[in-house]
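The values are calculated or read from the model by the stated rules, or taken from the named source; none is laboratory data. Quantities reported herein were computed from a predicted structural model and do not represent experimental measurements. Virtual Cβ from ideal backbone geometry, glycine too; neighbours counted across all protein chains shown.
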Amino acid sequence: MFVRVKPSGRYKYLQIVENSREGKKVKQQVLCTLGRLDRLTESGKLDSFTESLLRFSKKLKVINMYKQDQVKVLRDVSIGPALVFERIWKDLKLEEIIREVGSGRNYQFELERAIFLTVLHRLFESGSDRKTEKWKQDYNISGVEGIELHQLYRAMAWLGESKGIGISKGREGYEQHIKEKIEWLLFEKNRDLFSTLEVVFFDTTSIYFEGEGGSLGENGHSKDHRPDLKQIVVGVVLDQEGRPICSEVLPGNTADAKTLLPVIVRLKQRFGINSFCIVADRGMVSKRLMETLESPSFRINYIFGSRMRRQKEVREKVLGSEGSRYKEVPIARAGKTNPLLLKVKEVTVNGKRYVVCYNPEQAKKDALDREAIVESLKERLKRGDKALVGNKGYRKYLKVREGEAFEIDYEKLKEEAIYDGKWVLQTNTDYSAEEVAVQYKQLWMVEKAFRTVKSVLETRPIYHRCEETIRGHIFCSFLALIMMKELYSRLEEKGYHFEWEDILRDLEALREVTLEMKGEKYYLRTELRGTCYSVLNAVGVAVPPRVRN
């Protein structure tokens with residue numbers, strides 16, 4: 001049923017018409033003619049008729065009165081973030097897990113709600129945890145209304161507490177932090193999400209402090225290029241699908257080569273995994289580590305990157321080997337239809353198994369980059385060479401000639417060309433050379449995870465002083481990373497591919513306005529925009545009604 005204007009001679013008439021179907025045809029039936037449009041408008045009868053109809057439609061009545069400023073706006077908050085991530089939080093059983101682990105505490109606030117609020121803030125707002133208390137005022141998040149800043153700090157300190165708690169039967173007394181108990185329960189209750197732990201990936205990064213950094217803060221090799229500040233070392237273990245399994249927090253002066261072995265031992269103890277393959281970059285490898293992994297009592301499979309320039313055996317015998325030929329391996333690339341055609345070959349030296357990987361595209365880029373450096377060097381040498389000494393990119397291609405002046409080292413340039421587009425892996429697995437290369441290529445997931453934690457989630461810098469609060473701060477970012485990965489996994493299952501910034505922006509734009517009209521409250525939802533509908537659909541959340549009371 002609808003209203004239409006019917007021209008007739010010099011005048012136009014307003015009619016109420018109803019559509020009806022007869023067979024395959026739709027016919028219109030005029031129910032009544034209200035009168036001439038010009039007379040109805042001039043006399044005001046049309047307005048009074050419309051108002052009388054509005055009495056029978058609450059939604060239209062509210063919308064009409066809102067447009068006419070006849071209602072009071074009580075609240076305007078964003079509802080998208082909590083709608084989506086509350087569902088993921090519960091689906092991953094994080095609400096259940098945190099309530100279970102914290103059941104013995106008698107806090108005067110909702111511990112689980114405080115942690116969820118911190119994690120949600122970490123996903124949407126970069127910066128200090130101090131902003132969380134004020135940030136929540138603009139969002140509709142259930143159960144967080146009375147939570148204050150000092151309670152958020154207490155919740156993070158609880159996550160970082162060290163207690164002698166058993167991870168499972170038969171391992172009571174193993175010293176753990178609360179956050180590690182949560183990691184284990186998260187793994188146990190979501191085993192169906194983890195495709196397999198036959199292969200796990202590990203990498204580390206450093207995160208600096210503004211301040212002393214408690215007992216964990218130490219000066220060390222800064223990957224943030226802030227050697228002036230104390231830092232901590234953070235390690236993350238992921239499965240083959242890129243799902244975070246656990247995180248490790250170590251003092252800032254811990255060398256990469258000393259981080260992996262303790263992580264492997266703790267993986268075996270905490271998760272009861274006796275057989276798996278660890279994939280890590282060359283910075284993790286040490287002589288002691290290799291000896292331990294190869295020992296009969298330990299025996300863990302590995303795929304490690306090798307230092308091509310520093311290891312004489314790799315430089316001379318592996319890269320110089322001409323006994324085997326390269327095989328081509330197509331590797332799918334995100335966002336591209338044509339795969340990467342990686343070339344691999346296997347080389348055995350003194351009983352050690354190596355896999356040489358060659359990327360023709362990267363080799364071409366490496367050669368062009370080196371040529372650009374040489375051209376730049378030639379120009380700069382004409383103007384003086386003192387400024388070049390401090391530039392590592394330039395310095396390795398220079399040598400000293402008579403008179404202590406610098407000149408381009410063409411022999412060094414020739415040597416560097418050997419490494420263009422290549423990397424060497426060492427492994428003790430039974431995987432084919434192609435499988436070894438593919439598995440190592442997946443290590444980018446860990447690197448991407450760190451870029452996410454440090455840039456998107458803005459874990460750095462850290463302002464906390466106590467070790468427990470620092471561990472809790474890092475763990476909240478780890479939980480945010482888990483939530484982010486889970487959302488992306490669900491979107492991929494539906495065939496959606498969105499930028500993270502677009503998702504956040506569109507979810508925040510989904511708002512609900514609370515109105516008061518004649519003593520009754522009404523809630524008006526804004527329109528869904530951009531990625532919002534697809535995200536809600538992927539997570540399994542129903543779109544809220546436009547108007548409710």
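Points to keep in mind about this one:
- Those residues of the range 378-393 which are surrounded by 11 or more Cβ atoms within 10 Å (Cβ to Cβ) and either modelled with pLDDT of 65 or more or farther than 22 Å from residue 309 by Cα (or both), in sequence order: 380, 381, 385, 388
- Just one residue in the set 407, 361, 375 is acidic (Asp, Glu) and at pLDDT 85 or above; that residue is 361.
- Pick from the range 491-543, criterion assigned to a loop (DSSP other than H, G, I, E, B) and among the hydrophobic types (A, V, I, L, M, F, W, C), ranking: surrounded by the fewest Cβ atoms within 10 Å (Cβ to Cβ): 542
- Qualifying residue in the range 455-473 (condition: modelled with pLDDT of 90 or more and outside any helix (DSSP H, G or I)): no
- Exactly one residue among 76, 47, 91, 69 is under 30 Å from residue 526 (Cα atoms), surrounded by fewer than 15 Cβ atoms within 10 Å (Cβ to Cβ) and at pLDDT 90 or above, and that residue is 76.
- Index of the failed condition, residue 417 passing every other in (1) closer than 30 Å to residue 278 by Cα; (2) at pLDDT 85 or above: (1)
- Of the set (1) surrounded by fewer than 19 Cβ atoms within 10 Å (Cβ to Cβ); (2) within 30 Å of residue 343 (Cα to Cα); (3) at pLDDT 90 or above, all apply to residue 436 but (1).
- Hits in the range 302-325 (condition: in a loop (DSSP other than H, G, I, E, B) and surrounded by 15 or more Cβ atoms within 10 Å (Cβ to Cβ)): 306, 308, 311, 319, 321
- Unmet requirement for residue 488, which otherwise passes all of (1) more than 18 Å from residue 84 (Cβ to Cβ); (2) part of a helix (DSSP H, G or I): (1)
- Residues that are exposed (fewer than 14 other Cβ atoms within 10 Å of the Cβ), assigned to a loop (DSSP other than H, G, I, E, B) and of a type outside the set (D, E, K, R), drawn from the range 327-366: 332, 334, 335, 337, 338, 339, 350, 351
- Meets criteria (surrounded by fewer than 19 Cβ atoms within 10 Å (Cβ to Cβ) and among the hydrophobic types (A, V, I, L, M, F, W, C)) for residue 284: no
- Note on the range 191-241: among residues that are touching a helix residue (DSSP H, G or I) at 6+ places or on another chain (Cβ under 8 Å) and at positive phi, the one that is modelled with the lowest pLDDT is 213.
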